[in-house]
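Here's the structure we're looking at; comments come further down.
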Amino acid sequence: MSALSYVSQDKDSAWATWLSQVDRVVPYLGDLAPWADTLRHTKRALIVDIPLEMDDGTIRHFEGYRVQHNLSRGPGKGGVRFHPDVTLEEVMALSAWMTVKSAVLNLPFGGAKGGIRVNPRELSAKELERLTRRYTSEIGNIIGPQQDIPAPDVGTNAQIMAWMMDTYSMNVGATTTGVVTGKPIHLGGSLGRVKATGRGVYITGIAAAQRIGLEIHDCSVAVQGFGNVGSVSAALFYEAGARIVAIQDHSATLWCESGIDIPALTEWQRENGTIAGFRQAETLRSDDFWLKAYDILIPAALEGQINAERARNLNCRLVLEGANGPTLPAADDLLRQRNITVVPDVICNAGGVTVSYFEWVQDFSSFYWSESEINQRLDRIMNDALRDVWLQAEKLNVTLRTAAYAIACERILIARKERGLYP
Ligand code: GLU
């Protein structure tokens with residue numbers, strides 16, 4: 001358990017998952033192993049109070065965070081989550097996963113993450129804007145294009161990034177597009193960024209499926225989460241000829257053995273604001289999602305979804321982690337024993353941060369690439385990274401997760417060691 005005084009002793013917490021993932025990679029770090037403790041600490045964690053005047057004139061307080069886990073390889077990078085269950089400890093784990101993710105893809109970033117403990121659906125657009133602006137001001141002295149670059153995550157989007165960019169720019173007195181990524185296109189955003197995370201799940205999914213001998217057009221796929229990541233990956237697998245047999249989100253669990261019509265479901269969600277009530281599929285009890293048989297499972301919602309019990313019953317060949325931290329460590333071991341391949345979050349969902357990197361580079365050079373250039377570069381970077389992780393897993397005889405961590409932690413800790421301790 002954690003030596004930090006401000007984290008819980010909950011063994012299923014996201015931070016506990018992170019610590020146990022670090023423990024698993026230490027035996028493969030060789031001379032760098034003595035530096036591994038760096039990874040068990042966050043470099044900087046800021047908690048801010050966000051007082052917000054509601055539309056009815058009352059004032060409410062929200063808790064906000066920005067955590068920089070490790071900056072050895074470059075400025076912090078990572079999203080901002082607006083969700084009622086956000087905690088400091090969760091943001092710490094998410095920031096640590098960003099450190100590894102950037103390093104697996106060899107992007108010149110460290111890891112960071114932010115969040116506000118709020119349900120954005122309960123706020124009006126004006127309240128959301130005031131909340132975002134005050135949060136940005138409160139964390140303003142630790143973010144910046146060379147310091148730490150936020151991006152969207154669960155519950156945030158391009159509009160929120162536009163408000164963050166504007167607030168930061170107002171405070172420093174100069175328009176600073178590179179302070180956030182995932183912005184609207186006409187404000188320095190990158191083509192392809194919105195779909196990049198889902199596209200990355202698809203790219204790594206196709207490559208992994210091929211390696212374990214699955215033909216995509218014969219595959220059935222189940223997706224948990226139908227937000228930015230789940231809906232885009234579902235659409236791409238659907239276009240490639242796979243049958244999307246199950247979709248689950250907080251509102252419903254849909255099932256259709258012959259395959260859900262994803263464009264029709266997307267249209268239904270756009271019109272109704274939910275996937276619930278979609279008539280071209282059966283509605284299941286939510287637990288049944290985990291008991292059905294399918295070839296590929298894409299958890300693309302929140303952490304901790306695949307616990308030991310679910311891992312014991314899971315009837316699939318391949319898990320593509322669209323979400324961050326969806327698999328608990330005990331479940332990871334069971335999936336390995338059961339020969340179910342897991343493409344871990346730190347590579348599977350890294351398409352978003354990879355195109356964020358492209359966006360940041362484009363903002364600095366004020367020169368913008370076409371969508372096909374972006375997608376080609378994304379494809380190449382992700383396929384190369386997956387190949388390296390796969391080879392490493394074979395070489396060390398470990399899971400893809402431990403292999404990805406071995407590659408990433410070596411890069412992070414070499415940087416740490418070469419920079420040396422200050423003072
Ligand atoms: N929130 C996304 C993630 O978890 C993207 C982060 C970014 O683009 O910086 O990877």
Give 129, 90 a once-over and let me know the one that is within 16 Å of the ligand (Cβ to nearest atom) and touching a Phe, Trp or Tyr at 6+ places or on another chain (Cβ under 9 Å). 90
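Answer yes or no as to whether residue 178 is within 16 Å of the ligand (Cβ to nearest atom), closer than 30 Å to residue 400 by Cα and either free of Cβ contacts under 8 Å to residues at least 60 places away in the same chain or touching an Asp or Glu at 6+ places or on another chain (Cβ under 7 Å) (or both).
Numbers: within 16 Å of the ligand (Cβ to nearest atom): yes; closer than 30 Å to residue 400 by Cα: no; either free of Cβ contacts under 8 Å to residues at least 60 places away in the same chain or touching an Asp or Glu at 6+ places or on another chain (Cβ under 7 Å) (or both): yes.
No.
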Test each condition in (1) touching a residue at least 12 places away in the same chain (Cβ under 8 Å); (2) assigned to a helix (DSSP H, G or I); (3) more than 21 Å from residue 335 (Cα to Cα) for residue 274 and report the one that comes out false. (2)
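Looking only at residues that are farther than 11 Å from residue 299 by Cα and in contact with a strand residue (DSSP E or B) (Cβ under 8 Å, 6 or more places away or on another chain) in the range 212-230, which one is nearest to the ligand (Cβ to nearest atom)?
Let us first name the residues in the range 212-230 that are farther than 11 Å from residue 299 by Cα, namely 212-220, 227-228.
Applying the additional criterion that residues be in contact with a strand residue (DSSP E or B) (Cβ under 8 Å, 6 or more places away or on another chain) yields 212, 214, 219-220, 228.
On the way: 212: 25, 214: 25, 219: 25, 220: 27, 228: 9 Å.
For the range 212-230, the residue satisfying everything is 228.
For residue 371, state whether it is among the acidic types (Asp, Glu) and exposed (fewer than 15 other Cβ atoms within 10 Å of the Cβ). Break it down into steps so the answer makes sense when it comes.
Working: among the acidic types (Asp, Glu): yes; exposed (fewer than 15 other Cβ atoms within 10 Å of the Cβ): yes.
Considered against the rule, which asks whether it is among the acidic types (Asp, Glu) and exposed (fewer than 15 other Cβ atoms within 10 Å of the Cβ), residue 371 comes out as yes.
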From 115, 110, 78, which residue is within 9 Å of the ligand (Cβ to nearest atom), touching an Asp or Glu at 6+ places or on another chain (Cβ under 9 Å) and closer than 18 Å to residue 15 by Cα? 78
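Here is a yes/no grid of residues against (1) touching a strand residue (DSSP E or B) at 6+ places or on another chain (Cβ under 9 Å); (2) in contact (Cβ under 8 Å) with a residue 60 or more places away in the chain:
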| site | (1), (2) |
| --- | --- |
| 352 | yes, yes |
| 372 | no, no |
| 384 | no, no |
| 394 | no, no |
| 399 | yes, yes |
| 407 | no, yes |
Filtering the range 311-335 down to residues that are more than 16 Å from the ligand (Cβ to nearest atom), in a strand (DSSP E or B) and either among the β-branched types (Val, Ile, Thr) or free of Cβ contacts under 8 Å to residues at least 12 places away in the same chain (or both) yields 319
Exactly one of 149, 143, 160 is under 21 Å from residue 189 (Cα atoms), within 16 Å of the chain's Cα centre (by Cα) and surrounded by 21 or more Cβ atoms within 10 Å (Cβ to Cβ), and that one is 149
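Which is closer than 30 Å to residue 414 by Cβ, polar (S, T, N, Q) and within 12 Å of the ligand (Cβ to nearest atom), of 102, 72?
Details: 72 fails: within 12 Å of the ligand (Cβ to nearest atom).
Step by step, each of 102, 72 is checked, and only 102 is closer than 30 Å to residue 414 by Cβ, polar (S, T, N, Q) and within 12 Å of the ligand (Cβ to nearest atom).
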Is it true that residue 42 is in a helix (DSSP H, G or I), touching a strand residue (DSSP E or B) at 6+ places or on another chain (Cβ under 9 Å) and crowded, with 18+ Cβ neighbours inside 10 Å? no
Have a look at 165, 161 and point out the one that is within 11 Å of the ligand (Cβ to nearest atom) and more than 30 Å from residue 342 (Cβ to Cβ). 161
Which count do you get for residues in the range 1-23 that are crowded, with 18+ Cβ neighbours inside 10 Å and in a helix (DSSP H, G or I)? 8
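Since every read-out is calculated from the coordinates, none of them should be taken as a lab result. As the structure is a computational prediction, the values presented were derived from the model and not from experiment. Ideal geometry is used to build each Cβ from the backbone, glycine not excepted, and the neighbour counts take in all protein chains shown.
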